[in-house]
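S.K.: One structure, pasted below without further comment.
The values are calculated or read from the model by the stated rules, or taken from the named source; none is laboratory data. In this text the structure is predicted, and so the values were computed from the model without any measurement. Here Cβ is always computed from backbone atoms with ideal geometry, including for glycine, and neighbour counts include all displayed protein chains. The protein model used for the area step is the full one, side chains on, heavy atoms only, and it has no ligands, DNA or RNA in it. Shrake-Rupley method; radii C 1.70, N 1.55, O 1.52, S 1.80 Å.
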Amino acid sequence: MTTLAAAPHMRVRSTGAGLFDHRRRALLVARLRLLLLMFGFVALALCALGRIAWLGAAKPGPQVQSMVTLLRPDRGEITDRNGLPLAREFPAYALWFNPEAMADGGEPLVRSAADVARELRAIFPDLDESEVAQMLASRKAGYIRRRILPEDANKVQNIGELALEITREKDRHYPQGSLAAHVLGYVAADGHGRVGMEAVLDKRLLDPALRGEPVALSIDARVQGALEDELERGMLSVDAVGAAGIVLDVDTGEVLALASKPGFDPNQIRTSDVVLPKERTDAGEMPAVFNRLTNQVYELGSTFKPLTVAVAIDTGVITNLGRRWQANKPVRVGRYSIGDSHFIGDTLNVPETLIHSSNIVSAQIAGEIGGPTLHNYFGQLGMNEAPYIELPARGAPLGMEGQWDKTKALYAGFGHGIAVTPLHLASAYAAMVNGGIWRPATLNRIEPGHAPRGRRVFKASTSARMNQLLRLIALYGTGKNADAPGFRVGGKTGSAEKPGVRGYRRTTLVSTFAAAFPMDKPRYVVIAMLDEPKGTRASSFQRTAAWNAAPIVKRLVSRVGPQLGVLPDANRDIDLSDVRSLVGE
């Protein structure tokens, strides 16, 4: 009985213990899951903190930019000395052909390619209609035109073709067109400057801290425009292959205008402006971006004669301007001889030598100076190295190497056997007329009172005497055609044969006129050079500088003189009383 009664009781206790174990296991599993979840959250938090720490250490945080910073252009502005914009960042429109404009992949154009090209040419008259039609028909994406005006963009939209897309982009714009192109250069597709001051100032113009402030050049846009206009006119009138010119402040070295022809438009750079086919370069042709004033060296001929006379006066070789030299016989130099193009006279003094541009007497004067002394002076005038200016393209002189003997001096005395850039000549003339101080040329505007000290080359008395002699040349000699009335111009012509493979080519000349004004107190040097001018009706069928380069200077000085504060005055001039009597009939 007892045994039978105990069995159910034992079964009840066994069931209760199992239930208890089950609950305990469930609780343990729940706690384990909670613990794993907590570990997961902690790991996630640690990863987030690690990520934040890495970002803070390895990457800069977001920059807080002011409205002024956001409004700054991507590339700084370049202006002339008076604040006129020459190069600036510009929000531009461009016409882009998108052949995938139709979402369904159908034909990109509603009308024929020829019809659309015809309508585009009506908006842009200089567009090549056949080339555009071919591009549209080929269904190849690309620019149809860069830099279009907003009103022209509206006209394109009115055509109603979805494939003709107007894109807005940042662009480098030159508001004055081709003005001062060789000074400015251009900005390439990579956003960096090429040639000119765009290349020189590239880092400065892109610097976020500085690009908001315009960079002022020494250039005066008014003078620059006049120089380019007169050079172009002079070049075309005598069918020259090129031209170059400069207007230089003699007291500061600032370049007020610098030009090389042919020119180019930095707004529309073409491949041919930068690179020419080999057959054209072999023929002596230069691309349009080539700067003839700073990069090409020339034998500038008789423009060197005043420099030789200045050295002779400065060193005491010439103490009396009335001293006479034999001029009726060529100077023998070994197998060669130095002569004049025509008979000038039996004897010549210094003023007559410069007025009539005698090679014979100039060579004799250079011979008395001696090779080492003449070489040293020309070196002091900067002719022993590339010209001083910020532009990257600068030509190295030829003929200044080594020590000069007397033979070398005889030829160099009248500009033969030494080749320099027209910029070299401008800086040398500035030193000759400004009191004797040579200063480097610069394209950066110089604040008043901050001109470089420079180096003394000539005595002040030598400079004063040369100003008289240069004025005599313009009054009585080969520079008559440069004598702008009232502006007291002084200067010297130079017509030199260009060297070739087999010696000098008599049929090709480099014609140059180097001038300064006003000679009673010189302020500016002007150089005008023509490369291979022809004898035409405009030059009275003459090829020499007196007939083609000198008139350019006369017209230019008359135009820019008043703009530079030099007013014509027929009652003023440099005192020539002590030298006028030395000029013969």
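S.K.: DSSP loop trypsin sites (Lys or Arg not before Pro) in the range 223-332 with at most 16 other Cβ atoms within 10 Å of their Cβ, which ones?
M.R.: Details: sites: R233, R270, K278, R280, R292, R323, R324, R332; in loops: R270, R292, R323, R324.
The qualifying sites are R270, R323, R324.
S.K.: Rounded to the nearest whole Å², what accessible area per residue is found for the chain with the 1.4 Å probe?
M.R.: 50
S.K.: While we're on this one: Amide H of T252: which non-local residues (sequence gap of 5 or more, or other chain) have their own amide H closer than 5 Å, using H built in the peptide plane?
M.R.: Sorted by chain and number, the residues that satisfy this come to none at all.
S.K.: Of the listed peptides 458-470, 519-531, what is their order by residue-averaged count of other C-beta atoms within 10 Å, with the highest listed first? Display every interim value, and only then the final one.
M.R.: Numbers: 458-470: 20.6, 519-531: 24.7.
Answer by packing, highest mean first, reads 519-531, 458-470.
S.K.: Tell me the carbon and sulfur percent of the accessible area for the chain, rounded to whole percent, probe radius 1.4 Å. Intermediate values should be presented prior to the final figure.
M.R.: Values: 16010 of 29150 Å².
Carbon with sulfur: 55 percent of the solvent-accessible area.
S.K.: Filter the DSSP H helices in the chain by two things, a Kyte-Doolittle mean of at least -0.5 and an axial alpha-carbon span of 30 angstrom or more, and list the hits by number.
M.R.: Numbers: long enough: 2-58 (84 Å, 0.87).
Taking the DSSP H segments of the chain (at least 30 Å long, mean hydropathy at least -0.5), we get 2-58.
S.K.: Continuing with the same structure: Say R0 is 41 Å: what FRET efficiency, to the nearest 0.05, do A451 and L162 get from their beta-carbon distance?
M.R.: On the way: r = 60 Å, r/R0 = 1.48.
E(calc), rounded to 0.05, equals 0.10.
S.K.: Something else now. So what's the back-of-envelope 222 nm ellipticity for the chain, counting only DSSP H runs of four-plus at -39500 (n - 2.57) apiece and dividing by all residues, rounded to 500? Spell out each step's value before the answer.
M.R.: Numbers: 19 runs with 224 residues, N = 585.
So the helix-based figure for the chain works out to -12000 deg cm²/dmol.
S.K.: Then there is this: Give me the net charge of R233's neighbourhood, meaning all other residues with Cβ under 13 Å from the Cβ of R233; Lys, Arg count +1, Asp, Glu -1. Please list the in-between numbers first.
M.R.: Working: positive: K261, K554, R555, R559; negative: E228, D229, E230, E232, D239.
Summing Lys/Arg as +1 and Asp/Glu as -1 gives -1.
S.K.: At most 14 other Cβ atoms within 10 Å and a DSSP loop assignment: could you name the chymotrypsin sites (Phe, Trp or Tyr not before Pro) in the range 73-104 that fit? Spell out each step's value before the answer.
M.R.: Working: sites: Y93, W96, F97; in loops: none.
Within the range 73-104, no chymotrypsin sites (Phe, Trp or Tyr not before Pro) qualify (loop, at most 14 other Cβ atoms within 10 Å).
S.K.: Report the full-extension gain for the segment E401 to R323: residue separation times 0.36 nm, less the Cα-Cα distance, to one decimal in nm.
M.R.: Working: separation 78, 0.36 × 78 = 28.08 nm, distance 3.25 nm.
Residue separation times 0.36 nm, minus the Cα-Cα distance, leaves 24.8 nm.
S.K.: What does the charge count near A312 come to, summing +1 for each Lys or Arg and -1 for each Asp or Glu among other residues with Cβ under 13 Å from its Cβ? Write down the numbers at each step before the final one.
M.R.: On the way: positive: K305, R323, K459, R465; negative: D314, E368.
Overall, the nearby charge balance is +2.
S.K.: Count neighbours as other Cβ atoms within 10 Å of each site's Cβ, and list the GluC sites (Glu not before Pro) in the range 338-445 that are DSSP loop with at most 13 such neighbours.
M.R.: Values: sites: E352, E368, E385, E390, E401; in loops: E385, E390, E401.
Qualifying residues, ordered by number: E385, E401.
S.K.: Contour minus end-to-end for D21 and M38, with contour as 0.36 nm per residue of separation and end-to-end as the Cα-Cα distance?
M.R.: Working: separation 17, 0.36 × 17 = 6.12 nm, distance 2.56 nm.
Stretched out fully, the D21 to M38 stretch lengthens by 3.6 nm.
S.K.: Can you tell me, using C-alpha contacts under 8 Å and at least 6 residues apart, the relative contact order of the range 103-259 as a whole percent?
M.R.: Working: 136 pairs, mean separation 22.6, N = 157.
About 14 percent, as a whole number.
S.K.: Relative contact order for the chain using alpha-carbon pairs under 8 Å, separation at least 6, rounded to a whole percent? Walk me through the numbers before you get to the answer.
M.R.: Details: 1126 pairs, mean separation 79.2, N = 585.
Here the relative contact order equals 14 percent.
S.K.: In the structure displayed, which of K329/K534; K406/K534; K305/K521 lie more than 27 Å apart, Cα to Cα? Please list the in-between numbers first.
M.R.: Values: K329/K534 30 Å; K406/K534 35 Å; K305/K521 22 Å.
Check vs 27 Å cut-off fails for K329/K534; K406/K534.
S.K.: Give the calculated FRET efficiency between E107 and K498 to the nearest 0.05, with a Förster radius of 60 Å applied to their Cβ-Cβ distance.
M.R.: Numbers: r = 59 Å, r/R0 = 0.99.
With a Förster radius of 60 Å, E is 0.50.
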